[in-house]
1. Please give the per residue volume of the convex hull enclosing the alpha carbon atoms of segment 89-152, rounded to a whole number of Å³.
2. Just to confirm a number: summing +1 for Lys and Arg and -1 for Asp and Glu over residues other than F137 whose beta-carbon lies under 14 angstrom from that of F137, what do you get?
3. Counting other Cβ atoms within 10 Å, which GluC sites (Glu not before Pro) in segment 61-128 have at most 14 and lie in a DSSP loop?
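Nothing in this text is a laboratory measurement; each read-out follows from the coordinates by a stated rule. The model shown is predicted, which means the values in this text are computed figures rather than measured ones. A quick note on method: Cβ atoms are made from the backbone with ideal geometry, for glycine too, and the neighbour counts reach across all protein chains shown.
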Amino acid sequence: MMKKITAICALCATMTLCACQDGGNDEKAMALLAQATGHLEKKQYAECLQLIDSLRKTYPKAIAARKQALALYQQAELQRAQQHVALTDGALQEAEHRYQAMRQQVEALKATGEATAAQLTQLTRMRMLRDSLQTVFDVECAKIRYIKKKMQ
C-alpha cells in the first residue's frame, strides 16, 4: 500500500512539474512571437519567418502561440511577396523597355544585313532576361493570390 502511495505522489509531482514547464514554454513562445512581430513591423521578413520557424520547432505544445504565429507567418509571407513583386515589376519594366529599344536597332541592322552575331546574341539574352523576370513576376503574383486565399 505504501508503494502505491509513493508511486501516486511521484506521478503527481511529475505532472505538476510538466504543467509548470509548459507554462514557461508558453511564455517563451510568446516572447519569440513578440520578437517576430517586431521584425515584421520593421519589414525584416526573413528574420520574422526564421523566428516563427524556431517557435514551431522548439515549442510544439504552445498551441496559442502557434496559432498566432501561423497568422503572423502568412502576413509576413504576403508582405514579402508583395515587396518582391514591386521590385520585380520595376526590373521587368526596365528590361522590357531596353529589349524593345535594342530590338528596333537590331531589326533595322538586320534588314540592311549589317547586324553582327554579337548583336543578335545580345538581343536574345535580353529577351531571355525579360522572360525570366516575367516568370518570377507571375510566380510571385500566384503566391500572393494563394496566401490571400489561405488567409480567408
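1. 63
2. Charge balance near F137 sits at -3.
3. Passing both the DSSP loop test and the Cβ count: E114.
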